[in-house]
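Undergrad: A single structure is presented below for examination.
No value in this document is a laboratory result; all are computed from the given coordinates. All values derive from a computational prediction rather than experimental measurement. Counting neighbours? That spans all protein chains shown, and the Cβs are built from the backbone with ideal geometry, glycine included.
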Amino acid sequence: MLEITVNDVVHQLDVEPDTPLLWVVRDELKLKGTKFGCGMAQCGACTVHLDGVPIRSCVTPISSVSGRSITTIEGIGEPSEAKQVAKLHVVQQAWIEEQVPQCGYCQSGQIMSAVALLEKNSQPTDADIDQAMAGNVCRCGMYGRIRTAIHSASAKLANEIILTPLDKQPSEVSANATTAEGS
Amino acid sequence: MGKWTRRAFLTTGTLVGGGLIVGVAIRPGHRTPKLAGLVEKDGETLVNARVKILPDNSIRVIVPHAEMGQGVHTVLPMMLADEMDADWKTVSMEQAPADDQYASKDIVREFAMPSQAPGMVEDTLNGVFLKIAQKMSLQITGGSFSVRGTGTWSMRVAGAAARELLIDAAAEEWQVPLNEIRAENSYLFHDKSNKSEPFIAFAKAAAGKQGPTQPKLKTPDQFKIMGKHVERFDIPAKVDGSAVFGVDIELPGMKYACVKSAPVFGNTVSSIDSVAAEKMAGFIKLVNLSSGIGVIADTYWQAKKALDKVKVTYTEGDSKRASSESMFEQFGKSMDAAIADGNEEDDFKIGNARKVLANSKRVIEAEYRVPHLAHATMEPMNCTAWAHDGQLEIWAGLQNPLGIRNLLAEEFEFERDHIVINNVYLGGGFGRRAMDDYPVQGAKLALALPGVPVKMIWSREEDTQQDFYRPAVMSRLKASLGDNGMPDAWENQFVDKHEPVEAPTIPYAVENQYIHYTNSPTHIRFGPWRSVDHTQHAFFTESFIDELAAEAGINPYQYRYDLLSHDLRARKVLETAATMSNWGKPLPDGWGQGIALHRSLNTIVAEVVDLDMSSGKPRVAKVYCAADPGYAMSSDGFKAQMESGIIYGLTAALYGEINIKDGAVVESNFHNYKMLRMNDAPTIEVEIINSGDRSLGGGGEPGTPPIAPALTNAIFAITGKRVRQLPVSKHL
């Protein structure tokens, strides 16, 4: 019996230890947002977070993440009491505003990579985006929109910081935020 | 003709000369009863086959096409809602069931007699073509067709007809003249008497009326929704992970299957050793699919592991000796033989190109070739099937659900009504999901385990090696230049001829042209690939015209411009791309520009590439795209399609190559079938030219063909090297 935490819920699982995390998440836990694309960590459609770090779940045996915490596309929004459903993450909102997805199949993976990038680096440059997103293939070719949406989410995150009371706000954050807003 | 009603006779009379109308014309009122049973739910009134008015006065549009990211589930409702004067905020959509009544009659009409259907015969035509389409069993999403066909001929007409039916009913109820009633935001108004009522108030009365023979469509200046930027219906579910693709279907008691087909196309299973596989955990059954094998197990991973343990041998034939090299060698020989024997198959002929070429002192010749390509949709092929209660039920993303239904009925001897197709989101189509192999496999597996739902998922390797590939094509071009440097003769011999017929034609005014082909079949199975044969031929013709410009010493933009004096629409597209890109602008060392123009699926697209070769390797910095689709019904949706088509074509131009060795496909996954990624994706600027809404072009495909030649023409501009074979990564 293995134990993993997925989107803050603890699960006891009776599966073969070499089963990739991808198939456990999809078929045992019925979280279908994470997709199968290549099975060899080449396309990024299966990207989830392992303790906050993006990984390719298609090549991650379940036994190797026993006792660890996983986040999937279903778990990145903030829980909302009012609506019963999770409020969209700022990256997901930016994805809608920029009308990013076409077929949409790769987008859970794209969003998971983008969220991880912004958590590590809230003001990424184009080069940072190239590096963080190069593992995610979009066959519909929406790279330009993905880039724009990441910058837009980044600007929103900066604005959120601006909205905190001035006396609690470090001045250098404010300066960065202004730059991002203007760019 | 004697049995036709007077109206049908009158309205179809103008078309009899075409010889295409068979069967009896059906007027719209006759269609609703059967459809009502399928799509009418309690409390809803079916106004016609395309739209429902719900009890809360909201509007539901029924869309007969599959959503694969092209935005069709949004743009078709936009077109209908605009004509109906519906309140967009209350409009929703549902996908039409795979029923014959929803056959893509419009696709038949467009192919049968493109752009000839006169507005006055609109709805009777629909009836007639419905019959033809039923015969051909079409409910196809492809050919960049949904907007220009279904949207124009069906959605707009239905929306306008619905509005007129409602107005008709209101005029009767209010006892006022028709022309005093106006529709706006799903309400009808009679301003003189200060009356207003929601659409729903008249829905029942309207449904009992005969449809108008000639609903009046809006002109672009009256559009309120068409042409605007509207957020797509399908996007929210695609950012929170809730969108259901074929691979996501979940059924009670469902089992999983993995398959492996013969690596060499056409080979069949000759022996199976499944002893080791049967001992694997979760193993349920091995199924001989003839072209390969499938293993059903409790979980996907168990099915995959058990499949790996099966030892299979296949029958062998001559195809085992085939390779990419032998195939092109064969093409060359076939082409030589055709010329030697005078066996050319004529494609297009004007003037006497051979004679002019023979007498010219300035002849340029070049041979071009492009390899096979796989589609590589992000979602590998998959199909869930369930044989239960005398029927066969299928869940899959399909570009041709009705065709699949008929095929399954025939193949497995079911009544058509006992085949139920559930079409879901496609994780990419690009033509691949118009093919029938994967639903047939899915059905075979489910029929081997009656009563149990079986989900079959292909591996990426299977998806790459069992595709219906974009055909490899070879083209030999020859042209002669007059004293002014402009071409006076153009000859193009290519192998093979596929769809659509016009792919090799050029937009330029060349007095003598001879385009011909030679068939030289191979055992590699082929199918439609985004823009069908336009990508191969646009690369050939737009590269070769660039060669002629270089030979003549004329700027390649100016050269094309001068050859388009007869086609001002195309010229305007070319000019727009040049202006956008500031054609000829000063660029850093190692940078250059390339331009290409191509018309496909009735849309004209010109693209300019700003290329950076300063590192010695091509880096596409920016792509400028000017496109004239007649009228882009969804402005952002159309732009997104151009962006997508450009990246798809750029991936192919830079990296795309399926090689054949020992009769089988060499490439297997994304490590050796390389994709363009974020770090080498250019920025793309798109400008739409709305030249007129009555002859629409497609959006899904026309962005793709010009990008390869625009890229290689830029390479030539910088390096002087002409790339005549793709991909660039191998041939530069």
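Undergrad: How would you order B:712-719, B:626-633 from highest to lowest mean count of nearby Cβ atoms within 10 Å?
TA: On the way: B:712-719: 22.2, B:626-633: 26.4.
Those peptides, ordered most packed to least, come out B:626-633, B:712-719.
Undergrad: Where does chain B land at 222 nm, in deg cm²/dmol rounded to the nearest 500, when only DSSP H runs of n ≥ 4 count, each adding -39500 (n - 2.57), divided by all residues? Could you put the intermediate results ahead of the total?
TA: On the way: 21 runs with 228 residues, N = 732.
Helix contribution divided over all residues of chain B: -9500 deg cm²/dmol.
Undergrad: Want the number for B:GLU173 to B:LEU447: 0.36 nm per residue separation, take away the alpha-carbon distance, what's left? Don't skip to the end; give the middle numbers.
TA: Working: separation 274, 0.36 × 274 = 98.64 nm, distance 5.61 nm.
Here the answer is 93.0 nm.
Undergrad: Turning to a different aspect of this structure: Between their Cα atoms, which of B:LYS228/B:LYS674; B:LYS304/B:LYS674; A:LYS32/B:LYS305 are more than 26 Å away from each other?
TA: Numbers: B:LYS228/B:LYS674 36 Å; B:LYS304/B:LYS674 24 Å; A:LYS32/B:LYS305 22 Å.
Pairs exceeding 26 Å: B:LYS228/B:LYS674.
Undergrad: How many Cβ atoms of partner chains, on average, are near each residue of B:232-238 if near means within 10 Å of its Cβ? Don't skip to the end; give the middle numbers.
TA: Numbers: counts 5, 0, 4, 10, 5, 3, 14.
The per-residue average across the peptide is 6.
Undergrad: Give me a comma-separated list of calculated 3J(HN,Hα) values for the stretch B:528-533, in order, Karplus coefficients 6.51, -1.76, 1.60 applied at θ = phi - 60°, integers in Hz, x for any Gly or Pro.
TA: Each residue of the stretch B:528-533 in turn: x, 10, 2, 5, 6, 7 Hz.
Undergrad: Let me ask another. Could you please report the charge total around B:VAL244, scoring K, R as +1 and D, E as -1 over all other residues with beta-carbon less than 15 angstrom from its beta-carbon?
TA: It works out to a net charge of -3.
Undergrad: Per residue, what volume in Å³ does the convex hull of the Cα atoms of the stretch B:182-275 enclose?
TA: Working: hull volume 36.5 nm³, N = 94.
Looking at the stretch B:182-275, the number lands at 388 Å³ per residue.
Undergrad: Now for a separate question. How large is ³J(HN,Hα) for each residue in the stretch A:12-23, as worked out from phi by the Karplus curve 6.51 cos²θ - 1.76 cosθ + 1.60 (θ = phi - 60°), to whole Hz, x for Gly and Pro?
TA: 9, 10, 10, 10, 4, x, 8, 4, x, 3, 3, 6
Undergrad: Then there is this: When DSSP beta bridges are limited to those with both residues in chain B, what percentage is antiparallel, rounded to the nearest 5?
TA: The antiparallel fraction comes to roughly 75 percent.
Undergrad: Still on this model: Hey, with R₀ at 56 Å, roughly what FRET efficiency would B:ASN352 and B:GLU278 work out to, going by the Cβ-Cβ distance, to 0.05? Mind dumping the intermediate values first?
TA: Working: r = 70 Å, r/R0 = 1.25.
The calculated FRET efficiency here is 0.20.
Undergrad: Among the listed pairs A:LYS120/B:LYS238; A:LYS30/B:LYS639; B:LYS238/B:LYS444, give every one whose C-alpha distance is greater than 27 Å. Mind dumping the intermediate values first?
TA: Working: A:LYS120/B:LYS238 24 Å; A:LYS30/B:LYS639 35 Å; B:LYS238/B:LYS444 31 Å.
Cα-Cα > 27 Å for A:LYS30/B:LYS639; B:LYS238/B:LYS444; rest within.
Undergrad: Sticking with this structure for a sec: In straight Cα distance, which lysines are under 18 Å from B:LYS497, not counting same-chain residues fewer than 8 positions off?
TA: B:LYS333, B:LYS349
Undergrad: Between B:GLU325 and A:SER69, how many nm apart are label points set 7 Å from Cα along the C-beta direction?
TA: 5.8 nm
Undergrad: Reachable lysines from B:LYS204, Cα under 30 Å, same-chain residues fewer than 8 places away excluded?
TA: Result set, ordered by chain and number: B:LYS34, B:LYS41, B:LYS52, B:LYS89, B:LYS105, B:LYS131, B:LYS192, B:LYS195, B:LYS216, B:LYS218, B:LYS224.
Undergrad: Okay, next question. Under 16 Å from the 7 Å Cα→Cβ point of B:ASP318, by amide nitrogen: which residues of the stretch B:261-293?
TA: What the label zone holds, given the 16 Å backbone N cut-off, is B:265-267.
Undergrad: Further question: Which Cα, out of A:THR60, A:VAL6, A:VAL48, lies furthest along the positive dipole direction of the stretch A:2-75 (beta carbon charges, K/R +1, D/E -1)?
TA: A:VAL48
Undergrad: Separate question: Based on the alpha carbon coordinates of the stretch A:2-75, what radius of gyration and maximum Cα-Cα distance (Dmax) apply, in Å?
TA: In Å, with Rg to one decimal and Dmax whole: 10.7, 29.
Undergrad: Another question, if that's okay. By average Cβ neighbour count within 10 Å, what is the ranking of B:324-333, B:432-441, B:516-525 from highest down? Write out the running numbers ahead of the final one.
TA: Working: B:324-333: 16.0, B:432-441: 23.3, B:516-525: 18.1.
Sorting B:324-333, B:432-441, B:516-525 by mean packing, highest first, produces B:432-441, B:516-525, B:324-333.
Undergrad: Roughly what would the spin-label model give for B:THR219 and B:SER565, points 7 Å off Cα along C-beta, in nm?
TA: Going by the 7 Å Cα→Cβ label model, 3.3 nm.
Undergrad: Quick check: pseudo-label points 7 Å beyond the Cα along Cα→Cβ at B:SER196 and A:LEU2, how many nm apart are they?
TA: Roughly 6.1 nm, to one decimal.
Undergrad: Partner chain Cβ atoms within 10 Å, averaged over the residues of B:300-309 - can you pull that number for me?
TA: 3
Undergrad: About the Cα centre of chain B, how large is the charge dipole given +1 on each Lys and Arg Cβ and -1 on each Asp and Glu Cβ? Please answer in debye to the nearest 20.
TA: Values: 77 positive and 90 negative charges, 44 e Å.
Once rounded to the nearest 20, the dipole reads 220 debye.
Undergrad: Another one. Which chymotrypsin sites (Phe, Trp or Tyr not before Pro) does the stretch B:158-265 hold that lie in a coil by DSSP with at most 11 other beta carbons within 10 Å? Walk me through the intermediate numbers first.
TA: Working: sites: B:TRP174, B:TYR187, B:PHE189, B:PHE199, B:PHE202, B:PHE223, B:PHE233, B:PHE245, B:TYR256, B:PHE265; in loops: B:PHE199, B:PHE223, B:PHE233, B:PHE265.
Passing sites in the stretch B:158-265 do not exist.
Undergrad: On to the next question. Note the per residue figure in Å³ for the convex hull of the C-alpha positions in the stretch A:50-163. Walk me through the intermediate numbers first.
TA: Values: hull volume 14.8 nm³, N = 114.
Roughly 130 Å³ of hull volume per residue.
Undergrad: I've got another one for you. Hey, got the average number of other protein chain Cβ atoms within 10 angstrom for residues in A:29-40? Present the calculation step by step, with values, prior to reporting the outcome.
TA: On the way: counts 0, 2, 1, 9, 8, 1, 8, 11, 11, 12, 6, 7.
For this peptide, the per-residue mean of nearby foreign Cβ atoms is 6.
Undergrad: Then there's this: Using DSSP to define loop residues, name the trypsin sites (Lys or Arg not before Pro) in the stretch B:662-732 whose beta-carbon has at most 14 other beta-carbon atoms within 10 Å.
TA: Numbers: sites: B:LYS674, B:ARG677, B:ARG694, B:LYS721, B:ARG722, B:ARG724, B:LYS730; in loops: B:LYS674, B:ARG677, B:ARG694, B:LYS721, B:ARG722, B:ARG724.
Here the trypsin sites (Lys or Arg not before Pro) that fit, given the DSSP loop and packing criteria, are B:ARG694, B:LYS721.
Undergrad: Further question on the same structure: Which of the lysines could be linked to B:LYS361 by a straight reach, that is with a Cα gap under 20 Å, when you skip same-chain ones fewer than 8 residues away?
TA: Of all the lysines, those that pass the test against B:LYS361 - Cα under 20 Å, at least 8 places apart if same chain - are B:LYS478.
Undergrad: Follow-up. Give me the dipole magnitude in Debye, nearest 20, for the stretch B:364-512 about the Cα centre, with unit charges on the beta carbon: positive for Lys and Arg, negative for Asp and Glu.
TA: 380 debye
Undergrad: Sort the stretch B:642-732 into rounded, prolate or oblate with this rule: let a ≥ b ≥ c be the square roots of the eigenvalues of the Cα gyration tensor; rounded if a/c is under 1.5, and if a/c is not under 1.5, prolate when a/b is larger than b/c, oblate otherwise. Could you put the intermediate results ahead of the total?
TA: Working: a/c = 2.08, a/b = 1.54, b/c = 1.35.
It is prolate, given that a/c is not under 1.5 and a/b is the larger ratio.
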